[in-house]
């Protein structure tokens, strides 16, 4: 049976994790244990236990006698996560291109592309991000491999704060032009090789954009 303390720790952990991933607590930000105790209205124990869990996930660093620091973005982390995410998304694109698809299978792709284009015109970061994730979520769904989907979703959780932070620092106009419609065209034509290549090329351009932006604003930890 889950104890009250475990529930409290889980609640603090989830709330802290959300604040870090959403950049409410930005990379490099200093936190104090007593402030977190006051913020969440709990005792020190669940806060400390939640902090230890987040440190193991490399989202923050506990510095004895100096408080807690939200970890800055590691170049190695970004590159490793991007490598895994790109490889699996491209694999999914190849699988989907080889499948027999109906018009209703492709419709969500077009809807996501339309939403992204509207969001870009308005520089609506939240709408663009939602549509972008919807595009790849549908790609993974059609791929039909739950394990592949699980791993990619874990990558998304780890890299989302990097994407959102760089977008806030620059804006959608500076982001590499999306290749989503070209990917859909390749899938529709059954051209798996082209669909995979486009996925890889787009992710590579996004990776370079993120690294360049983080370096320019001196946020990147190398």
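The values are calculated or read from the model by the stated rules, or taken from the named source; none is laboratory data. Given the structure is predicted, the values throughout are model-derived calculations rather than measurements. Counting neighbours? That spans all protein chains shown, and the Cβs are built from the backbone with ideal geometry, glycine included.
Things worth noting here:
- Unique residue being surrounded by 13 or more Cβ atoms within 10 Å (Cβ to Cβ), assigned by TED's automatic domain parsing to the domain that holds residue 213 and under 20 Å from residue 186 (Cα atoms) when the list is 92, 107, 103: 92
- In region 20-42, the residue that is nearest to residue 61 (Cα to Cα) out of those that are part of a loop (DSSP other than H, G, I, E, B) and free of Cβ contacts under 8 Å to residues at least 24 places away in the same chain is 24.
- Unique match (being on the phi > 0 side of the Ramachandran plot and either at pLDDT below 90 or surrounded by fewer than 17 Cβ atoms within 10 Å (Cβ to Cβ) (or both)) among 69, 26, 65, 34: 65
- So residue 200, is it under 22 Å from residue 60 (Cα atoms), in contact (Cβ under 8 Å) with a residue 12 or more places away in the chain and not assigned by TED's automatic domain parsing to the domain that holds residue 57: no
- Options 98, 112: the member that is touching a residue at least 60 places away in the same chain (Cβ under 8 Å), closer than 22 Å to residue 150 by Cα, surrounded by fewer than 15 Cβ atoms within 10 Å (Cβ to Cβ) and more than 15 Å from the chain's Cα centre (by Cα): 98
- Filtering region 163-171 for residues that are touching a residue at least 12 places away in the same chain (Cβ under 8 Å) and on the phi > 0 side of the Ramachandran plot leaves a non-empty set.
- Residue within region 40-53 that is buried (at least 16 other Cβ atoms within 10 Å of the Cβ), assigned by TED's automatic domain parsing to the domain that holds residue 10, touching a helix residue (DSSP H, G or I) at 6+ places or on another chain (Cβ under 7 Å) and closer than 27 Å to residue 167 by Cβ present: no
- Residues that are on the phi > 0 side of the Ramachandran plot and either assigned by TED's automatic domain parsing to the domain that holds residue 125 or not in a helix (DSSP H, G or I) (or both) do not occur anywhere in region 2-19.
- Residues satisfying the stated conditions in region 128-148, i.e. in contact (Cβ under 8 Å) with a residue 12 or more places away in the chain, closer than 26 Å to residue 59 by Cβ and surrounded by fewer than 18 Cβ atoms within 10 Å (Cβ to Cβ): 129, 130, 133, 134, 148
- Condition met for residue 76 (surrounded by fewer than 15 Cβ atoms within 10 Å (Cβ to Cβ), over 26 Å from the mean Cα position of the chain (by Cα) and either modelled with pLDDT under 95 or assigned by TED's automatic domain parsing to the domain that holds residue 137 (or both)): no
- Matching residues, region 188-222, being touching a helix residue (DSSP H, G or I) at 6+ places or on another chain (Cβ under 6 Å) and over 19 Å from residue 136 (Cβ atoms): 190, 213, 217, 220, 222
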